[in-house]
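See below for the structure under consideration.
The values are calculated or read from the model by the stated rules, or taken from the named source; none is laboratory data. No experiment lies behind these values; they were computed from the predicted model shown. No Cβ is skipped: glycine too gets one built from the backbone with ideal geometry, and neighbour counts run over all protein chains shown.
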Amino acid sequence: MKSYHIEFEPLGRRGECPAGQSLLDCAQKLGVGLVSICGGRGLCHSCRIQVLNGTVSQPTSIERQKFSLPELQEGYRLACQTYPTSDCKLWVPVESMSTSQRTQVEGLELSINLDPPVAVYHLQLSPPSLSDLWGDAERVLEALNQQVHCLTIDIDVLRNLSPRLRSWNWQAQASVRNKEIIALSSWPSRQLGLAIDLGTTKIAGYLVDLSNGHTLAAKGVMNPQISYGEDVVSRISHVIDSPAGGTRMHKLAVGALGKLATELCNMVDAKLKEIVEVVIVGNTAMHHLLLGLPVEQLAYSPFVPAVSEALDIKARDIGLHIAPGAYVHLLPNIAGFVGADHVAMLLATEVGQADGLSLALDIGTNTEICLASDGKMTSVSCASGPAFEGGHIKDGMRAAKGAIEHFRMENGEVQFQTVDGAPPVGICGSGIFDILAQLYLSGVLDDKGRMRNNHPRVRTCEGQPEFVIVNEEERDGRPAITITQQDVRELQLAKAAIQTGIQVLLEAENRSEEDIKQVIIAGAFGTYIDVSSAVVIGMLPSLPLNRFRQVGNAAGAGAKLALLSCGKRAEAQVIARQVGYIELATAPRFMQTFVEATYIRSHTNKGG
């Protein structure tokens, strides 16, 4: 049988596809995880791809209904409805990828001119003799000053300098930062950097080769501080109430960072001492708890940070044990609840440089939103809570194997897709919002979020209605997976916080939703949501879907930029000074706007 060579970008997967197989079949054969909730029948429209090169079958009637003529002319198709008629190169939009492969795309390299703060120099030293009695440190500085002006050697480097120079036969590699030798190693050695997004719920780490900017390893772990509260306010309260609370929070954060650094190094057979620079971003509370700074002032108006400027601190001074004299760089904060992670997101997305009105959201337990136009940026922070990560949801869970990540209702019947195609064990954030939107569109929920007893899958359990996603029989006698009325209320509060933030920003600038030219969605949760579901329930503005762009962990990407470029660090300082901040609770009509935002409906359908 004739076959064609098919390439799937940006994943870089390629292989042969028989002429009689659809592009969806080919993707599955090659390990490209396309979302296909309906099982390839063309009903869910979730396997959208773009044909960049090559020829394919003519659009079906289903595709002509799904796509406009300009979209079809640009090559947009449904993979399940399209068959190759030649070798093809395809583009897979991030929203069409499964959870695991969206994570892969987050690891793609950023285009940047390398300008790291740590430079490397090769030293070939002459050994001492009876006629040459210079000290070892002076010998190193003299040799180095022939290449670059250097003033000092870190004390921890100095403590091991003499025996190491002799064991390396007087040949070494010096790592220099701001006229200081922060590490001395054998020649040649790797120079690694570590970028950290210290989130309220999750910590994301990236191990980077400073010589070429390549990300060698990436990993996410839970923030152990969550045991003292799922939100920053609870953790701040714990520190205020307990004399030892601040020390406890600091140790938990540093312990998690140290363990994460070790695991990243183990993934690529690297050593901790090869890490010569670290960049950490996080919200203001996470920043302060990591550094052991006072947080009480963050809990009371006017919510002032202990420090806003960028900081450079010896890694050992916060408890990180990497290269002897390595530094940790922390990007600047903006306000009490808008921190360096927001600055990093703005740095990575370049939203301040975009033409027209742009909206950028970093969605998570704490959601930061920025409205930008003609270089002016204004931001708010929303306490959206843990519901997006599956927290406070009866059968909620992280996006792990078996989590329901996509959901549709077709003629009253449920259809869903799980992470890795495994048997369902719970519901992650993206699936939860799909379910909320589908139940609303199907009339199971009214616009106030009340669950109606008008569907065979609605039942009463412990005095409250719930909708059964997977029943006990389908799970071989194990408890059913359901969405309860209380779950719906949690989601209404979470989405209302974000919707209110958007409305407050627009009203402050006297702009309307229709003025927004692009919506950038970042953050671990924002990466995986179905934008159309978020629009249906009113969390996001009712705009054409081509105005939305999901960019993954932009805060982590911004941390990597700052790790690799001193110029980007300077740019982050400028951003932090430029961004205006609105405290949501002080906004006119705040409570009225929030109450209205709890309704489940798109922004263009606010009647009733």
TODO: Quick one: in the stretch 1-20, of everything that is surrounded by fewer than 18 Cβ atoms within 10 Å (Cβ to Cβ) and over 32 Å from the mean Cα position of the chain (by Cα), which residue is nearest to residue 420 (Cα to Cα)?
DONE: 16
- [ ] Give the number of residues within the stretch 230-255 that are loosely packed, with under 15 Cβ neighbours inside 10 Å and either touching a Lys or Arg at 6+ places or on another chain (Cβ under 7 Å) or free of Cβ contacts under 8 Å to residues at least 12 places away in the same chain (or both).
- [x] 5
Open item on the list: What's the total number of residues in the stretch 343-361 that are touching a Cys at 6+ places or on another chain (Cβ under 7 Å), part of a helix (DSSP H, G or I) and surrounded by 24 or more Cβ atoms within 10 Å (Cβ to Cβ)?
Closed with: 1
Task: All positions within the stretch 186-200 that are touching a residue at least 24 places away in the same chain (Cβ under 8 Å), surrounded by fewer than 22 Cβ atoms within 10 Å (Cβ to Cβ) and among the small types (Gly, Ala, Ser) - done: 189
- [ ] Scan 393, 404, 432 and give me the residue that is closer than 18 Å to residue 534 by Cα, more than 16 Å from the chain's Cα centre (by Cα) and in a helix (DSSP H, G or I).
- [x] 432
Open item on the list: Six or more apart or on different chains, Cβ atoms under 6 Å: show the pairs whose first residue is in the stretch 413-424 and touching a residue at least 40 places away in the same chain (Cβ under 8 Å) and whose second is in a strand (DSSP E or B) and among the aromatic types (Phe, Trp, Tyr).
Closed with: 416/407
Task: Close pairs (6 angstrom Cβ cut-off, 6 or more residues apart or separate chains): over 24 Å from residue 555 (Cβ atoms) in the stretch 314-334, in a loop (DSSP other than H, G, I, E, B) anywhere - done: 324/154; 325/154
Open item on the list: Given (1) assigned by TED's automatic domain parsing to the domain that holds residue 467; (2) closer than 30 Å to residue 359 by Cβ; (3) in contact with an Asp or Glu (Cβ under 9 Å, 6 or more places away or on another chain), identify the lone condition not met by residue 418.
Closed with: (2)
Open item on the list: Cβ contacts < 7 Å: first residue at positive phi, restricted to the stretch 430-453; second residue assigned to a helix (DSSP H, G or I), any location; separation 6+ or different chain. Result?
Closed with: 449/488; 449/489; 449/492
Open item on the list: Take residue 384 and tell me if it is surrounded by 20 or more Cβ atoms within 10 Å (Cβ to Cβ), over 16 Å from the mean Cα position of the chain (by Cα) and farther than 23 Å from residue 481 by Cβ.
Closed with: no
Open item on the list: When the residues of the stretch 387-401 are narrowed to those that are under 17 Å from residue 496 (Cα atoms) and modelled with pLDDT of 75 or more, which ends up surrounded by the fewest Cβ atoms within 10 Å (Cβ to Cβ)?
Closed with: 392
Task: Residue among 364, 443, 375 that alone is surrounded by 24 or more Cβ atoms within 10 Å (Cβ to Cβ) and farther than 22 Å from residue 34 by Cβ - done: 364
Open item on the list: Filter the stretch 451-490 down to the residues that are surrounded by 13 or more Cβ atoms within 10 Å (Cβ to Cβ) and of a type in the set (Asp, Glu) and list them by number.
Closed with: 466, 474, 487, 490
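Every residue, every condition in (1) over 26 Å from residue 275 (Cβ atoms); (2) touching a residue at least 40 places away in the same chain (Cβ under 8 Å); (3) surrounded by 16 or more Cβ atoms within 10 Å (Cβ to Cβ), yes or no:
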| site | (1), (2), (3) |
| --- | --- |
| 543 | yes, no, yes |
| 551 | yes, yes, yes |
| 568 | no, yes, yes |
| 579 | yes, yes, yes |
Task: Matching helices (runs of 4 or more DSSP H) fully within the stretch 28-141 where at least 1 residues are at pLDDT 90 or above and farther than 26 Å from residue 16 by Cβ - done: 61-66, 69-73
Open item on the list: Go through (1) in contact with a Lys or Arg (Cβ under 7 Å, 6 or more places away or on another chain); (2) loosely packed, with under 13 Cβ neighbours inside 10 Å; (3) under 30 Å from residue 256 (Cα atoms) for residue 160 and report which single condition fails.
Closed with: (1)
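Conditions (1) of a type in the set (Asp, Glu); (2) under 23 Å from residue 118 (Cβ atoms); (3) at pLDDT below 95, marked per residue:
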residue: 182; (1), (2), (3): no, yes, no
residue: 200; (1), (2), (3): no, no, yes
residue: 217; (1), (2), (3): no, yes, yes
residue: 224; (1), (2), (3): no, no, yes
residue: 233; (1), (2), (3): no, no, yes
